[in-house]
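Just below is one structure, and these are the notes that go with it.
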Amino acid sequence: MAKTSLSTGSFLSSPKLDVVIDTGNPFLNLTVDGFLKIGSVAVAKVAVEETYHCLSKGSISQKNFEHTLKKMCKEGVYWGSVAGLYVGMEYGMERIRGTRDWKNAMLGGALTGALVSAASSSNRDKIVTDAIAGGAIATGALFLNYLT
């Protein structure tokens, strides 16, 4: 079941759109939510980038349009998958540890960074550095979220 609500957000008084997908499982709910939200950000990013490129060239063709649609789908799925994986890992850490704190974000980010890196590379050093980066980014984002 999907539920949509529109409310006023706090950042520059912009509207906030929440879409809730209820699968009956909290883990799946969070994972799907992360996939949809971040995937849609990636789709919007590509749409804006490609619009800029078309405007700077002064033309658009059917081939360019098809390329843009494919790129939007590819980026949306990739970003959404990484976000869904991260949200699931963070939730899993919370359930395993029995507490909700910044360490869940750090561990979830590290595991996500390592898994995404391992899927595309067998270089151990790259996997470790990507795990460190994932943990740092997730922890930093959480701390920034506390500031707002």
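Here are some notes:
For (1) surrounded by 17 or more Cβ atoms within 10 Å (Cβ to Cβ); (2) under 16 Å from the mean Cα position of the chain (by Cα); (3) part of a helix (DSSP H, G or I); (4) not assigned by TED's automatic domain parsing to the domain that holds Leu142, each residue gets a yes or a no:
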{"site": "Val32", "(1), (2), (3), (4)": "yes, yes, yes, yes"}
{"site": "Phe35", "(1), (2), (3), (4)": "yes, yes, yes, yes"}
{"site": "Ser40", "(1), (2), (3), (4)": "no, yes, yes, yes"}
{"site": "Val48", "(1), (2), (3), (4)": "no, no, yes, yes"}
{"site": "Tyr52", "(1), (2), (3), (4)": "no, no, yes, yes"}
{"site": "Ile60", "(1), (2), (3), (4)": "no, no, no, yes"}
{"site": "His67", "(1), (2), (3), (4)": "no, no, yes, yes"}
{"site": "Met72", "(1), (2), (3), (4)": "yes, yes, yes, yes"}
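- Matching residues, the range 68-83, being touching a residue at least 12 places away in the same chain (Cβ under 8 Å) and more than 30 Å from Leu111 (Cα to Cα): Thr68
- Residue in the range 90-110 that is within 20 Å of the chain's Cα centre (by Cα), more than 30 Å from Tyr146 (Cα to Cα) and assigned to a helix (DSSP H, G or I) present: no
- Of Met89, Met106, all but one fail to be more than 20 Å from Val32 (Cβ to Cβ) and touching a Gly at 6+ places or on another chain (Cβ under 7 Å); the exception is Met106.
- Considering (1) out of contact with any Phe, Trp or Tyr (no Cβ under 7 Å at 6 or more places or on another chain); (2) surrounded by 12 or more Cβ atoms within 10 Å (Cβ to Cβ); (3) among the β-branched types (Val, Ile, Thr), the lone condition that Ile96 does not fulfil carries the number (2).
The values are calculated or read from the model by the stated rules, or taken from the named source; none is laboratory data. Note that this is a predicted model, so its numbers are computed, not measured. Note: ideal-geometry Cβ built from the backbone for every residue, glycine included; neighbour counts use all protein chains shown.
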